[in-house]
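Only one structure is covered here, and it is reproduced in the block below.
The values are calculated or read from the model by the stated rules, or taken from the named source; none is laboratory data. As the structure is a prediction and not an experimental result, all values here were calculated from the model. We place every Cβ from the backbone using ideal geometry, glycine too, and count neighbours over all the protein chains shown. In case anyone asks, the SASA skips ligands and DNA or RNA and just uses the protein heavy atoms, side chains included. Shrake-Rupley method; radii C 1.70, N 1.55, O 1.52, S 1.80 Å.
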Amino acid sequence: MIPQQADILRALARPGGTSSDYDLNPGASGLGSAKKEAGVLVPLIERPSGVHVVLTKRAAHLSSHPGQIAFPGGKRDVGDADISATALREAHEETGLDPSLVQILGQLPAHETVTGFNITPTIGWIRTPWVVKADPGEVAEVFEVPLSHVMMERNFQVQSRHWRGQRRSYYCVPYGPYYIWGATARILRGLADQLDPL
């Protein structure tokens, strides 16, 4: 069953499991113990074919994670009222999504990254399509993945690569030409796990 808005609200009301880049790498070292707060928006949009997740492909010229698949989001600013405000602000800046079009359904537990961030995913429900205006300074592409694709455990893989002298394992959930991996894939897996009992 593909969850609808009411189903997702019920699922998010339950306690969720924490996640981190260390889930598959116990004992691995990171880039220091100080954690910076970040917020990402997990936009769920209704389409005639079902519910889709909106993702971005980061611009190739960026110094951090160039060309990678990500949720719209970023570091929390001093002026942000809360971490959901961070997610909405960043989504507007990166994709042109008007915050008034987003109904906040809830949040997943923060995801700790090896690069020193605590990323809180905010789940947003969008009924009205918006005219995507990707910021070329940050985003190369905005695209959608069916929620049904990331609800299926068999679509997730565990792969590994060397990073800073260590072998690190990570989740990935490929979709068409898009290689979705790392924190983005782990957050999607967490969302799938949260929705699984429905």
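Values for this structure:
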quantity	calculated
Filter result for the condition that a residue is of a type in the set (Gly, Ala, Ser), modelled with pLDDT of 85 or more and either in contact with a helix residue (DSSP H, G or I) (Cβ under 9 Å, 6 or more places away or on another chain) or closer than 26 Å to Met151 by Cβ (or both), over Ala11, Ala81	Ala11
Selection within segment 84-100 - out of contact with any helix residue (DSSP H, G or I) (no Cβ under 6 Å at 6 or more places or on another chain) and surrounded by fewer than 18 Cβ atoms within 10 Å (Cβ to Cβ)	Ala85, Glu93, Gly96, Asp98, Ser100
Pairs, first touching a residue at least 40 places away in the same chain (Cβ under 8 Å) in segment 136-154, second of a type in the set (Phe, Trp, Tyr), C-beta under 6 Å, six or more apart	Val145/Tyr175
All positions within segment 112-139 that are closer than 16 Å to Leu44 by Cα, aromatic (Phe, Trp, Tyr) and in a strand (DSSP E or B)	Trp125
Hits in segment 49-66 - residues which are open to solvent by 10 Å² or more (accessible area, probe 1.4 Å) and under 15 Å from the mean Cα position of the chain (by Cα)	His52, Lys57, Arg58, His65
Matching residues, segment 167-198, being among the basic types (Lys, Arg) and part of a strand (DSSP E or B)	Arg167, Arg168
Pick from segment 140-166, criterion part of a strand (DSSP E or B) and among the small types (Gly, Ala, Ser), ranking: most open to solvent (accessible area, probe 1.4 Å)	Ala140
